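Some notes on the structure that comes next.
The values are calculated or read from the model by the stated rules, or taken from the named source; none is laboratory data. Because the structure is predicted, anything quoted here is derived from the model rather than measured. Don't worry about glycine lacking a Cβ; one is built from the backbone with ideal geometry, like all the others, and counts go over all protein chains shown. Keep in mind that these areas ignore ligands, DNA and RNA; they rest on the heavy atoms of the full protein, side chains included. Shrake-Rupley method; radii C 1.70, N 1.55, O 1.52, S 1.80 Å.
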Amino acid sequence: YNVAEVEAIKVEAYAEGQASAVARAELEAAAALREAAAAAKAALATLAGIAHEHRSASARLALAAARSAADAALDRFPEAPAEAALAALAVEVEAAPRLVVFSAASDAGRLEKALAEAAARAGFPGQIVLKPEPGRTRAAFRFDWGEGRAAFDPEAAIDKVSAALEAALAAEGLHAEVHLPPLDEEA
């Protein structure tokens, strides 16, 4: 080989070496990007789980706070639910000659007075008969006016709300979070 040929072979070998190093670096960079993407995806999945747990705990805390507030309100005004129900049902019971109210014995005095006042405001001309019923919880009642019935039990209401909350949280699972497409392994 003459000097020019050696130089040409040298330049060609250098270019091949450089291309090989660039290709190797590009492969290493692609592998590093795949690893970073996999780590980010794993971190997002962990964050999705944490976010779900936070939402669940927050919802349960809100329910506990609401129950505490409702319990305090019912302790102070146990007659309020029955009074509100009578006001709401005024049109339904207005033609009834009497309204029988089944309630807890402990609420009888306050309840009788509150219902008499609510009936007067609603224009209910019939008789209100209070009947204590063993086993009724505080502020629970049942109205019976012959043609219909209405009832309220705060314990049953909180149980239904709790069950609905748990069902909603279970149904949501981690579906509220953003899901990423699978990693492209060929990149």
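Using a probe of 1.4 angstrom, how much of the accessible area of the chain is carbon and sulfur, in percent? Carbon and sulfur: 62 percent of the exposed surface of the chain. Checking [x] 67, 39, 32; [y] 126, 28, 24; [z] 71, 40, 22 against the coordinates, the calculated Cα extents along the principal axes in Å falls under label [y].
Helix 108-122 axis versus longest C-alpha principal axis of the chain: approximately 90°, rounded to the nearest ten. Would you mind classifying the range 41-93 by shape? Square roots of the alpha carbon gyration tensor eigenvalues, ordered a ≥ b ≥ c; an a/c under 1.5 is rounded, otherwise it is prolate if a/b is larger than b/c and oblate if not. Since a/c reaches 1.5 but b/c is at least a/b, the shape of the range 41-93 is classed as oblate. Of the whole protein surface, E16 contributes about 110 Å² of accessible area at a 1.4 Å probe radius. Be a star and scan the range 75-105 for residues whose amide nitrogen sits under 12 Å from the point 7 Å along the Cα-to-Cβ vector of K113. Taking a point 7 Å out along Cα→Cβ of K113, the residues of the range 75-105 whose backbone N falls under 12 Å are 79. Measuring between their Cα centroids, the range 97-171 and the range 1-68 lie 63 Å from each other. So if R0 is 45 Å, what FRET efficiency would A156 and I50 give, r being the distance between their Cβ atoms, rounded to the nearest 0.05? For A156 and I50, the calculated efficiency is 0.85. Once the Cα atoms are used to define both axes, helix 3-76 deviates from the longest principal axis of the chain by about 10 degrees. Only protein heavy atoms count here; under a 1.4 Å probe, Y14 has an accessible surface of about 150 Å².
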